[in-house]
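Quick notes on the structure that follows.
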Amino acid sequence: MSSVLGQYSLAAVPTIRLWCSARDVAWTWSWQAYPGVWAFVVTVGFLVRAFRPIATDPMTVARRWRAFAGLSGLLLLWISLDWPVGPLGAGYLASVDAVQFIVLAMIVPPLLLAALDHARVERAVRARPRAERLLERLTAPLPVMIAFTIVMIVTHVPAVVDGLMRSQGGAFLLDLSWLVSGIVFWWPVVVGIPDRPGFPGPMRLLYLFFGTQVHLFIGTWLLVVHFPVYGTYELATRVSGLSALTDQQVAGGIMVGLTEPIVFGAMTVVFFRWAKRSEAAALAAGMQA
């Protein structure tokens, strides 16, 4: 009897998983712990904190905005990776996975970058010439735009998704690739360090537009294809009343419907900032003349 009770008690203890991945089990709304997700979010928070505005700085509107952006970015990062969004997107619903992709690649990166004190970042970079040269190469707009496009395409190839989602390490690699590539992509626009005189406002608008069009094509492809392309979501137990194909079409609609407003919203901000700086520069030149 004691051995039977011991086996039952061990079976009743849920297995602690570090990261969300696809599982061949029916979905349950019972809470699951993902300590790897918590550790990752805390690590990102410490990295952002290292370059936040100094506590003794005046509480200006800009500083309040940086604090809000940082907290919002970390909160969205945690929500998109942890239970229930994380496991749902990793192995049950392509539509939830599409939301994760947009949050990790298109929303969280600019928020985290906006939270940085750009003056502190610039001083730190200029103090290390090698780091400045390396950063200049890593954030060169044209290579970054091409690399970001390639990452988005590869991470939506069915064989890649189905192969990586099955393991915690593979699912982590997908999530990390979206976040890191998003940070590198948004860096020249949000941070702009090192300064690039050949990358003014109009070039940034073109950069944002052409660098994000691949999402439109991926979303459209998911909308028009007549069969489920991802085995992970096709074979998963149904969480909602949606079929695998309908869920995939919803994912495509999410990518098309949410990505474009984000991009054009960012382009609007870039345009008005460029116009304001151009007006100020013209005014200053007129006063000197």
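Any read-out appearing in this document is the output of simple, stated calculations on the displayed coordinates, not a laboratory observation. In this text the structure is predicted, and so the values were computed from the model without any measurement. Every residue, glycine as well, gets a Cβ built from its backbone with ideal geometry; the counts of neighbours run over all protein chains shown.
The table that follows gives values for the structure above.
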| read-out | value |
| --- | --- |
| Max mean-square fluctuation residue, GNM over the chain, Cα-Cα springs under 10 Å, options Ile146, Ile193, Ile79 | Ile146 |
| Most mobile of Gly252, Gly198, Gly169 in a GNM of the chain (Cα contacts under 10 Å) | Gly198 |
| Relative contact order [Cα under 8 Å, 6+ residues apart], the chain, whole percent | 23 |
| Inter-label distance for Ala26 and Ala275, nm, one decimal - labels placed 7 Å from Cα along Cα-to-Cβ | 5.8 |
| Within-15-Å neighbourhood charge of Pro188 [Cβ basis; K, R +1; D, E -1] | 0 |
| Dipole moment magnitude, nearest 20 debye, the chain about Cα centre, only Lys, Arg, Asp, Glu C-beta charged | 1040 |
| Value of Rg/Rh across the chain [Cα atoms, Kirkwood radius] | 1.05 |
| Dipole of segment 25-141, positive end: most advanced residue of Ala105, Val42, Pro141 [Cβ charges, Cα centre] | Pro141 |
| For Leu135, net neighbour charge (Lys/Arg +1, Asp/Glu -1) across residues whose Cβ lies under 13 Å away | +2 |
| Summed side-chain charge close to Glu122 - residues other than Glu122 whose Cβ falls under 14 Å, Lys, Arg +1, Asp, Glu -1 | +1 |
| Debye equation applied to the C-alpha atoms of segment 105-197, log10 I(q)/I(0) at 0.15, 0.21 Å⁻¹ | -0.65, -1.02 |
| Helical segments meeting 18 Å axial Cα length and Kyte-Doolittle 1.0 threshold in the chain (DSSP H) | 35-49, 61-81, 141-154, 168-190 |
| Point-to-point label distance, Ala159-Ser240, nm (Cα→Cβ direction, 7 Å offset) | 3.1 |
| GNM top mover of Val224, Val214, Val161 - the chain, alpha-carbon springs below 10 Å | Val224 |
| Inter-part distance where segment 207-223 and segment 71-92 are each reduced to a Cα centre, Å | 23 |
